[in-house]
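Here is the structure we will look at, set down as structure tokens.
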Amino acid sequence: MTTAKDLFIIAMDPRPEHSVGQGDLSLALAGAELIDLIDAGAITVDDDAIVPGEPSTYEDRLLGEASALLTRQPPHERIEDWLWRRGRDLAAAYQAALEEDGELTRRRSGRLSFGPERVEPVDTPARRAAAERRERGEPVLTALASAVGVGSGRPDDEAGGSGHRTGRSEDEAGRSEDEAGAGEPGFDDEAVTAVVTAVHDAVMELEAVRQRRTIENTAFANIWRGP
């Protein structure tokens, strides 16, 4: 399994305090793909630019798709730009792929057959391997999971998988890059560090956008409501 698929599986933690926004997860999945491509020697990082090597084939379809989407001619794409471009609806693509592979299943919650449907991981060797990777504190997976609020002790107020969080203030969302990396596991590879930092920054930027929209919508509603 790829890092992205491992991340998706552990993000399916059913505990409410670990609910993950789809937008946040999509950004982290795009980062996980870059890290796997770095590990495979398919790309290098020059400052914050993604420099592809020779095209390769990959057993994993989504990782191959990511490789095919790389900008191979200068000017090379910045990591941040890749996260936003590749990350668009990426969580949905991984969910579909994992369901097709039999790693996820749809179940009705509660006793009623017409209750809300939810997607859950299946007890497979791949799920157990992802859980073991998380339990041993593997640095890359730990850092990416932390970015989306899994295992970080950060409460979320998301409802219904909408991807909207209200548990962090805009000030927190606007923390500096140094603060974003504080407490995260260290990495021997500077390229991996750059990707993880970019994922944290992108997630915080997305949260800041949500906070601004919430404030703007509240202000607009108050105008119509009147004194």
What are the residues in region 42-60 that are in a loop (DSSP other than H, G, I, E, B) and farther than 25 Å from Ile9 by Cα, if any? Asp47, Asp48, Gly53, Glu54, Pro55, Ser56
Criterion (charged (D, E, K, R) and modelled with pLDDT of 95 or more) met by exactly one of Glu54, Glu17, Glu65: Glu65
Condition (residue is in a loop (DSSP other than H, G, I, E, B), over 18 Å from Val195 (Cβ atoms) and touching a Ser or Thr at 6+ places or on another chain (Cβ under 7 Å)) applied to region 79-88: is it met by at least one residue? no
Just to be sure, is Tyr94 closer than 24 Å to Ala131 by Cα and either in contact with an Asp or Glu (Cβ under 9 Å, 6 or more places away or on another chain) or not in a helix (DSSP H, G or I) (or both)? no
Out of (1) touching a strand residue (DSSP E or B) at 6+ places or on another chain (Cβ under 8 Å); (2) more than 21 Å from Glu205 (Cβ to Cβ), the one Leu34 does not meet is (2)
Quick one: is Glu80 acidic (Asp, Glu) and within 18 Å of the chain's Cα centre (by Cα)? yes
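The values are calculated or read from the model by the stated rules, or taken from the named source; none is laboratory data. Predicted, not measured: the structure shown is a model, and the values here were computed from it. All Cβ positions, even for glycine, are placed from backbone atoms using ideal geometry, and neighbour counts span all protein chains on display.
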